[in-house]
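Beneath this line is the structure, given in structure tokens, with notes to follow.
The values are calculated or read from the model by the stated rules, or taken from the named source; none is laboratory data. Since the structure is predicted, the reported quantities are computational estimates derived from the model, not experimental observations. Positions of Cβ are backbone-derived with ideal geometry, glycine not excepted, and every protein chain shown enters the neighbour counts.
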Amino acid sequence: MKKLLILTLVLTLALSTVAFATAVTEPLPAVPSGVTGVTVYINNAYLDCSVYGQNAFIKDDRTLVPLRSIFEALGATVDYDESTDAITSTKDDITINLRIGDKKMYVNDDVVELDVPAFVTEANRTMVPVRAISEAFKAKVDWVEETEQVLITTIN
């Protein structure tokens with residue numbers, strides 16, 4: 001009887017481990033028709049950066065998006081002081097401060113070193129690193145190399 005109980009427990013444990021290991025994951029979002037290059041999704045919704053005059057692109061191994069597109073999509077305010085090139089964004093209890101060309105971003109009182117600073121394109125669009133901004137607002141960011149997709153999941 002004791003051997004049967006132990007065998008039953010071992011089999012139950014083994015089967016539950018297999019069930020967790022083969023859990024079904026959500027499929028990746030489909031790339032919208034006609035869109036090429038890097039695509040960004042927030043909670044599986046496509047972020048159309050082109051409405052801000054510039055699509056997302058990769059520079060120095062970092063994905064950059066138009067400043068206003070990512071801040072607004074994450075539900076944050078955004079202010080730009082043209083005289084000082086200072087960008088301020090707030091969402092809930094998080095405030096981000098950064099300057100064009102500066103590799104330091106301030107998240108509340110913490111300094112975050114950026115691999116690629118915010119910069120202005122020839123088309124006069126301010127670009128920011130999507131991962132740094134998203135993670136500063138406590139979002140989870142995944143990169144899918146094969147499809148060049150940035151998948152952002154907000155915590156709220």
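Among the conditions (1) buried (at least 18 other Cβ atoms within 10 Å of the Cβ); (2) over 21 Å from TYR41 (Cβ atoms), GLU82 misses just one, which is (1). Note on the stretch 75-113: residues that are of a type outside the set (Asp, Glu) and in a loop (DSSP other than H, G, I, E, B) total 8.
Restricting the first member to the stretch 127-139 and to residues that are in contact (Cβ under 8 Å) with a residue 12 or more places away in the chain, and the second to residues that are basic (Lys, Arg), the beta-carbon pairs closer than 7 Å and six or more apart or on different chains are PRO129/ARG62; PHE137/LYS91. Select from the stretch 31-79 the residues that are polar (S, T, N, Q), in contact with a helix residue (DSSP H, G or I) (Cβ under 8 Å, 6 or more places away or on another chain) and closer than 25 Å to GLY101 by Cβ and write down the one among them that is surrounded by the most Cβ atoms within 10 Å (Cβ to Cβ). Top of the filtered list is SER69. Does any residue of the stretch 103-114 turn out to be at pLDDT below 95, within 19 Å of the chain's Cα centre (by Cα), of a type outside the set (Phe, Trp, Tyr) and surrounded by fewer than 10 Cβ atoms within 10 Å (Cβ to Cβ)? Checking the stretch 103-114: not a single residue is at pLDDT below 95, within 19 Å of the chain's Cα centre (by Cα), of a type outside the set (Phe, Trp, Tyr) and surrounded by fewer than 10 Cβ atoms within 10 Å (Cβ to Cβ). Restricting the stretch 45-74 to residues that are part of a strand (DSSP E or B) and hydroxyl-bearing (Ser, Thr, Tyr) leaves a set whose member that is nearest to VAL128 (Cα to Cα) is THR63.
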